[in-house]
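Here's the structure, in structure tokens; my notes come after.
What follows draws every value from the coordinates through simple rules; no lab data is involved. Please read these numbers as outputs of a predicted model, since none were measured by experiment. So basically every Cβ, Gly included, is an ideal-geometry build from the backbone, and we count neighbours across all protein chains shown.
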Amino acid sequence: MTQVERRAVLDATLSAGAKTAYLIDEPLAAAIGAKLPIASASGNMIMDIGGGSAEAAVISLGGVVTHKSVRVAGNKVDEAIIAYMKRRHNLLIGETTAEEVKIRIGSATVLAPEEAMEVKGRDVVTGLPRAMAITSTEITEAIRSVLLQIVGAARGVLEQTPPELASDIIDKGIVMSGGTSLLRNLDRLMTELTGVPCHVADEPLLCVVRGTGVAIENLDLYKKSVTRR
Ligand SMILES: Nc1ncnc2c1ncn2[C@@H]1O[C@H](COP(=O)(O)OP(=O)(O)O)[C@@H](O)[C@H]1O
Ligand SMILES: [Mg+2]
């Protein structure tokens, strides 16, 4: 968020009746929720990939050192599946179907053995409903360029990270959180394309909300990491 957006969120919260309002950077909350030792002097890297955006951040001494955010994440993966089905198979499918395909047979790297499922939609040419089988290999191809943009955010952060902290990250790896980190083999693709081992946190969908809870319940410990108003 910009400074203006930060002020607006704090003001809105206070005028809604809160006595005090606090802000925490989302990657920091994700890192706390993923149980990274954020207060330590060494570097820790978190990659939070949600629906609307993917954020990569290196954290040290309780603060964000380098950070990159792209507005490319799960929703763009779904859109890529919709576009592929239309372009390659003349089949119009909805967002819910695309998300279902992604979760059932989607994979960041080619699955062996290949998996398949039936997809229903509307034929572009006849305008009539149609069902067809689609394979995991096709979905991997359809979502490849979106995934490369997401991985690009991690690479961007690594490139800006001071060498001392970068060396910590090579040792400890990158921890992934957010719903899209559950996409099959995205951790493997990230590892392959960044050269740094990547792991998915426990319960990645809950890291941000858990981390926020931990921070608000231990404000003394995390006061350096939150903004108060
Ligand atoms: N098992 C899964 N495989 C792939 N993507 C998933 C899976 N579960 C959830 N998602 C995706 O995760 C995204 C939501 O993640 P979340 O971290 O809750 O996002 P946000 O923080 O932006 O609300 C959606 O795009 C959803 O399709
Ligand atoms: Mg999120």
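A few points about this structure:
- Listed residues 81, 116, 140: farthest to the positive end of the dipole of the stretch 74-143 (Cβ charges): 81
- Gaussian network model of the chain, springs between alpha carbon atoms under 10 Å - residue of 40, 136, 107 with greatest fluctuation: 40
- Restricting the trypsin sites (Lys or Arg not before Pro) of the stretch 1-59 to loop positions (DSSP other than H, G, I, E, B) with no more than 11 neighbouring Cβ atoms within 10 Å leaves 19.
- Residue-wise HN-Hα couplings along the stretch 151-166, as the Karplus relation 6.51 cos²θ - 1.76 cosθ + 1.60 with θ = phi - 60° gives them from phi, are 4, x, 5, 5, 5, x, 5, 4, 5, 8, 7, x, x, 4, 6, 4 Hz; Gly and Pro carry x.
- Couplings 3J(HN,Hα) of the stretch 41-54, computed from phi: 6, 7, x, 10, 10, 10, 10, 9, 10, x, x, x, 8, 10 Hz, in residue order, whole Hz [Karplus 6.51 cos²θ - 1.76 cosθ + 1.60, θ = phi - 60°; x for Gly and Pro].
- Solvent-free Debye scattering, log10 I(q)/I(0), computed from the Cα coordinates of the chain at q = 0.13, 0.18 Å⁻¹: -0.80, -1.20
- For residue 176, residues with placed amide H under 5 Å, excluding near neighbours: 47, 199, 200, 201
- 5 angstrom amide H check on residue 65, placed H, neighbours 5+ away: 58, 59, 60
- Against the main long axis of the alpha-carbon atoms of the chain, helix 3-15 sits at an angle near 80°.
- Per-residue [θ]222 nm for the chain (sum of -39500 (n - 2.57) over DSSP H runs n ≥ 4, rounded to 500): -14500 deg cm²/dmol
- Angle in degrees between helix 207-217 and the longest Cα principal axis of the chain, rounded to the nearest 10: 20 degrees
- The stretch 71-115-the stretch 154-198 distance, computed between alpha-carbon centres (Å): 24 Å
- In degrees, nearest ten, helix 74-89 long axis to first principal axis of the chain (Cα): 10 degrees
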